[in-house]
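Taken together, the values in this text are just the output of simple stated rules run on the coordinates, not laboratory data. Quick caveat, the model's predicted, so the values are computed rather than measured. All Cβ positions, even for glycine, are placed from backbone atoms using ideal geometry, and neighbour counts span all protein chains on display.
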Amino acid sequence: MRCALCEKKECYAGKDCVQLKEVVQKRYTGEDLRSMEVSTSIESRYYMEKTRLEELILYARGMNYQRIGIAFCIGMEKEAKIIHKILENDFEVHSVCCKVCGIDKDQFGLEKLHSKVGLEAMCDPVGQAMVLNNEGTQMNVILGLCMGHDILFTKHSEAPVTTLAVKDRVLAHNPLGAIYSNYYLKRRFKGGFE
């Protein structure tokens, strides 16, 4: 598949390019169908009106979730505290910092950011997932976990996961900023992208 390079996007008008329509339609049952009902109702009712945070709340309410988990980067502790307090208006909230178990990077021979420091705690996405699994969260929210750590967290989370913010230290956590800058694209990736 190379959908990103397709100029026609005939699927938008109902074309099944992969001959999977009937098989896929049968998969939308139970919780998966409910998720589609809730998410499409949010899209159709609030298109261009609600922020991602507001949509997250509407989705969790629509799914009748009671317990929400937040797996956050220590670099976003201020944001995590605000989001935790906002979500507490509607849900039981459990939040867990990326340094949760205080495991020294030396334990696994991991490269250190600050080489002269003695103990440097590693980020622990598996530990974050375990904590939220133990809390019985029904949906988990990623807030600024590093590249790769977000993947491990999602892999080990028993609850469905959504991302509220991704880590991009260079672009103020807006990775698409690189795509919107022709100067950057031409300089960094040697070519035009139109």
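Quick one: putting +1 on the C-beta of Lys and Arg, -1 on the C-beta of Asp and Glu, what dipole do you get for the chain around its Cα centre, in Debye to the nearest 20? Walk me through the intermediate numbers first.
Numbers: 27 positive and 26 negative charges, 157 e Å.
Dipole size: approximately 760 debye.
Which order, highest average first, do 87-99, 129-141 follow once you tally other Cβ atoms within 10 Å for each residue and take the mean per peptide? The partial results should precede the final answer.
Numbers: 87-99: 17.5, 129-141: 20.2.
So the peptides 87-99, 129-141, ranked by packing, come out 129-141, 87-99.
Which one of M76, A172, C123 is farthest out on the positive end of the charge dipole of the chain, using unit charges on Cβ (Lys, Arg +1; Asp, Glu -1) and the Cα centre as origin? Positive-end residue among those listed: A172. Comparing Cα centroids, the range 62-130 and the range 157-192 end up 21 angstrom apart.
Using unit Cβ charges (K, R positive; D, E negative) and no other charged atoms, how large, in debye to the nearest 20, is the dipole of the range 70-133 about its Cα centre? Can you show the working numbers first?
Values: 7 positive and 10 negative charges, 45 e Å.
Here the size comes out at about 220 debye.
Full extension from L119 to E7: what is 0.36 nm times the residue separation minus their Cα-Cα distance, to one decimal in nm? Mind dumping the intermediate values first?
Values: separation 112, 0.36 × 112 = 40.32 nm, distance 5.25 nm.
So the chain would gain 35.1 nm between L119 and E7.
Give the cross-link partners of K9 among the lysines, using a straight C-alpha distance below 22 Å as the criterion and excluding same-chain residues fewer than 8 apart. Hits, sequence-local ones excluded: K21. Here the peptides 52-60, 110-118 are ranked by packing, the mean other Cβ count within 10 Å, and the order with the highest first is 52-60, 110-118. Our helix-only sum for the chain, with -39,500 (n - 2.57) per DSSP H run of n ≥ 4 divided by its residues, gives a mean residue ellipticity at 222 nm of -11000 deg cm²/dmol. Put +1 on the Cβ of every Lys and Arg and -1 on every Asp and Glu Cβ in the range 50-189; which of C101, N134, M147 then has its Cα farthest towards the positive end of the dipole? Of the options given, the answer is M147. Each residue, I74 and C101, gets one label point 7 Å from its Cα in the Cβ direction; the gap between the two is 1.6 nm. If the reach is capped at under 19 angstrom between alpha carbons, list the aspartates and glutamates near K26, excluding any in the same chain fewer than eight residues apart. Leaving aside aspartates and glutamates fewer than 8 places away in the same chain, those within reach of K26 are D16, E37.
Sorted by packing (mean other beta-carbon atoms within 10 Å per residue), highest first, where do 153-160, 164-171 land?
On the way: 153-160: 17.4, 164-171: 14.6.
So the peptides 153-160, 164-171, ranked by packing, come out 153-160, 164-171.
Annotation: aspartates and glutamates with alpha-carbon distance below 20 angstrom to K85 (same-chain offsets under eight excluded): E54, E55, E77, E135.
List, in the order given, every pair from K50/K167; K78/K190; K50/K186; K105/K155 whose Cα-Cα distance in the structure shown is over 26 Å.
Details: K50/K167 22 Å; K78/K190 38 Å; K50/K186 34 Å; K105/K155 21 Å.
Exceeds cut-off: K78/K190; K50/K186.
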